[in-house]
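The block underneath contains the structure these notes are about, expressed in structure tokens.
Coordinate-derived values only; no laboratory data. In this text the structure is predicted, and so the values were computed from the model without any measurement. Cβ: placed from backbone, ideal geometry, glycine included. Neighbour counts: every protein chain shown.
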Amino acid sequence: MSDPMSYNGGTVLAMNGKNCCAIASDLRFGVNNIFVGRMHRIFPVGKKILVGYSGLASDCQTLNETIQLQTNLYSLREGRQISPHALTNLISTDLYEHRFGPLFVEPIVCGLDEKNEPYVCGADLLGCLSKPTDFIVSGTGMEMMMGACESFWRPDMEPEELLEVISQCFLAGLDRDALSGWGCVVHVITPTHTRTVYLKSRQD
């Protein structure tokens, strides 16, 4: 049997900048090496927070629907939007509750906190959190992208520079991963708006 984490393919990458952050994912949805269709893996949670999911597509959708429900209830109960720190703890708790029958998904939270400081955090399928200060990658193209990200990422990048760096790193990784591709989408979050850019990539 195939590894559930790579069964549908897909990669998600998030990077920190100066008062901004960016998250990117590919659009391929496949079954092992067979291309099936296009799929979006990044979803908004509040005004300045995005969550990207890599792993088994059905589990990604299940976790996303659960998170959307819980964050809506949080907003109604607290009268404010959830912070990225609270969101990662919520996701970690949800994943750990399923530890005996885990959801095969590795989410990445990317957003700005109350002080407009960038925040990226990832979790494994058991809810163990990783909070880097630079970038984080999950999915089948992780090994291919790590080297490019370590070479090109720099601290305190402005939004335009961050967009260029994350795009080039992501495209370089897609060229070397057979289970990711068919274009990618990049979201750059700033204190005033979120910019979305679609990029062309390998189509095989």
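Summed over segment 98-147, the residues that are within 26 Å of Gly30 (Cα to Cα), part of a loop (DSSP other than H, G, I, E, B) and among the polar types (S, T, N, Q) give a count of 1. Among the residues making up segment 152-200, those that are touching a strand residue (DSSP E or B) at 6+ places or on another chain (Cβ under 6 Å) and in a loop (DSSP other than H, G, I, E, B) are Trp153, Ser180, Gly181, Trp182. Go through the residues of segment 87-94 one by one and say whether even a single one is of a type in the set (S, T, N, Q), buried (at least 18 other Cβ atoms within 10 Å of the Cβ) and more than 16 Å from Gly10 (Cβ to Cβ). Looking through segment 87-94, at least one residue is of a type in the set (S, T, N, Q), buried (at least 18 other Cβ atoms within 10 Å of the Cβ) and more than 16 Å from Gly10 (Cβ to Cβ).
Of the strands (runs of 3 or more DSSP E) contained entirely in segment 1-49, those carrying at least 3 residues that are more than 12 Å from the chain's Cα centre (by Cα) and not β-branched (Val, Ile, Thr) fall at 28-31, 34-38.
Please indicate, with yes or no, whether at least one residue in segment 37-49 is within 20 Å of Asp177 (Cα to Cα), touching an Asp or Glu at 6+ places or on another chain (Cβ under 9 Å) and touching a residue at least 60 places away in the same chain (Cβ under 8 Å). Taking every residue of segment 37-49 in turn, none turns out to be within 20 Å of Asp177 (Cα to Cα), touching an Asp or Glu at 6+ places or on another chain (Cβ under 9 Å) and touching a residue at least 60 places away in the same chain (Cβ under 8 Å). Considering segment 6-41, the residues that are out of contact with any helix residue (DSSP H, G or I) (no Cβ under 7 Å at 6 or more places or on another chain) and among the hydroxyl-bearing types (Ser, Thr, Tyr) include one that is surrounded by the most Cβ atoms within 10 Å (Cβ to Cβ), namely Ser25. Hey, does segment 71-81 have a residue that's within 28 Å of Asp175 (Cα to Cα) and not in a loop (DSSP other than H, G, I, E, B)? There is no residue in segment 71-81 that is within 28 Å of Asp175 (Cα to Cα) and not in a loop (DSSP other than H, G, I, E, B).
Residues of segment 88-109 include none that is more than 21 Å from Ile189 (Cα to Cα), in contact with an Asp or Glu (Cβ under 8 Å, 6 or more places away or on another chain) and among the hydroxyl-bearing types (Ser, Thr, Tyr).
Of Leu103, Leu76, Leu90, all but one fail to be over 16 Å from Leu50 (Cα atoms), without any contact (Cβ under 8 Å) to a residue 24 or more places away in the chain and of a type in the set (A, V, I, L, M, F, W, C); the exception is Leu76.
Within segment 50-63, the residues that satisfy the criterion of being crowded, with 18+ Cβ neighbours inside 10 Å and not in a loop (DSSP other than H, G, I, E, B) are Leu50, Val51, Gly52, Tyr53, Ser54, Gly55, Ala57, Asp59, Cys60, Leu63. Within segment 188-204, the only residue that satisfies the criterion of being in contact with a helix residue (DSSP H, G or I) (Cβ under 8 Å, 6 or more places away or on another chain) and over 23 Å from Arg28 (Cβ atoms) is Thr190. Screening segment 160-189 for residues that are in contact (Cβ under 8 Å) with a residue 40 or more places away in the chain, of a type outside the set (A, V, I, L, M, F, W, C) and surrounded by fewer than 20 Cβ atoms within 10 Å (Cβ to Cβ) and picking the one that is nearest to Glu117 (Cα to Cα) gives Glu161.
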